[in-house]
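The values are calculated or read from the model by the stated rules, or taken from the named source; none is laboratory data. Please read these numbers as outputs of a predicted model, since none were measured by experiment. Quick reminder, even Gly has a Cβ in these numbers, built from the backbone with ideal geometry, and neighbours come from all protein chains shown. Ligands, DNA and RNA are excluded from the accessible area calculation, which covers all protein heavy atoms including side chains. Shrake-Rupley method; radii C 1.70, N 1.55, O 1.52, S 1.80 Å.
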Amino acid sequence: MPRISAYIIAFNEAEKIEAALRSVSWADEIVVADSFSTDQTAEICRRFTARVIQVPFEGFGKLRNAALAALTGDWVFSLDADERCTEAAAAEIRATVARPDAADAYWVPRRNFVFGRWMRHSGYTPDYRQPQLFRRGKLRYTDDAVHETFILDGRLGYLQEPIAQVPFRDLAQMLHKMQRYSTLGTERLRDRGASASMAGALAHAVAAFLRHYVFQLGFLDGWAGFIIAFANLEGTFYRYAKHVERELGLVREPDLPRSFRN
């Protein structure tokens, strides 16, 4: 039977990490790549595995690649701290890696629990992050700071059993993540030479809202669907607005006029 290594990246996830670790207790190896958490994350992780490595955060792509370098199994299962592997998904994973005709990597569907309900629309079902099950050595990540992509050497397939994700503990955490990800996303906008204008920021924000709420049927998810769409509007707007702020040099000490009464 091929050995399966599960890895989790984490930073200050003390309230969520235990549930994630328990859900992959079936794995042959668990490695946690922690970015020097200041809460109890590392201590909680050591109750489940001795393989807790500390990696300075220089973007999610580099963090994931550092985690891959620490693994020893034949197969890799990637789980984030806000995800949980169900029993059915674990059984499918074990059966899949044992097949002689297995692909080299697999997309894994996710079901999201947001604002007290399991999402059925809003672009959150099925919700594929990256291939989360793959042969070790066949996949690596780009060095993007956020929304990193992957480079695969081999064949890609799909699993059927979803895992669970609890992306936000509450609305406060949703706002915190929006703030962090919008800042990290400005690097990607700069790299691709995106135009810097507030009108463009607003247009992208409105398009994000319509995509989630209308075209991906978020309105059928009730208030949870509206909150997801509105959060994407905000996150998109602030990402582009921060790009404008940076490109136009708006963060600076102003030149003081002699008087404001002139």
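Here are some notes:
- Per residue, the chain exposes 52 Å² of solvent-accessible protein surface, assessed with a 1.4 angstrom probe and all protein chains in place.
- Look at the alpha carbon pairs under 8 Å that are at least 6 residues apart: their mean separation over the length of region 112-262 gives a relative contact order of 29 percent.
- Spherically averaged projected area of region 107-262 from its Cα convex hull (nm²): 13.1 nm²
- Annotation for ASP153 and TRP26: the two label points, set 7 Å from Cα along the Cα-Cβ direction, are 3.0 nm apart.
- Span per principal axis, largest first, for the Cα atoms of region 1-147 (Å): 43, 37, 31
- For region 193-233 and region 106-149, distance of Cα centres in Å: 19 Å
- Relative contact order, percent, the chain [alpha-carbon distance under 8 Å, six or more residues apart]: 18 percent
- Counting Lys and Arg as +1 and Asp and Glu as -1 over every other residue whose Cβ lies under 11 Å from the Cβ of THR41, the net charge comes to -4.
- Between the beta carbons of GLU87 and THR38, assuming R0 = 41 Å, the FRET efficiency works out to 0.80 to the nearest 0.05.
- Divided by 2.2 N^0.38 Å, where N counts the residues, the Cα radius of gyration of the chain comes to 1.12.
- For the pair ARG258 and MET198, a Förster radius of 45 Å applied to the C-beta separation gives a FRET efficiency near 0.95, rounded to the nearest 0.05.
- Heavy-atom surface analysis with a 1.4 Å probe gives the chain a carbon and sulfur content of 55 percent of its accessible area.
- GNM flexibility winner over the chain from ILE228, ILE17, ILE53 (Cα, springs under 10 Å): ILE53
- Low-density loop positions, trypsin sites (Lys or Arg not before Pro), region 47-108 - DSSP coil, at most 10 other Cβ in 10 Å: ARG47
- Relative contact order computed over region 191-250 (Cα-Cα under 8 Å; 6+ residues apart), in percent: 47 percent
- Adding -39500 (n - 2.57) for every DSSP H run of four residues or longer, then dividing by how many residues the chain holds, sets the calculated 222 nm ellipticity at -11500 deg cm²/dmol.
- When TRP75, TRP118, TRP107 are compared by accessible area of protein heavy atoms, the largest-first order is TRP118, TRP107, TRP75, using a 1.4 Å probe.
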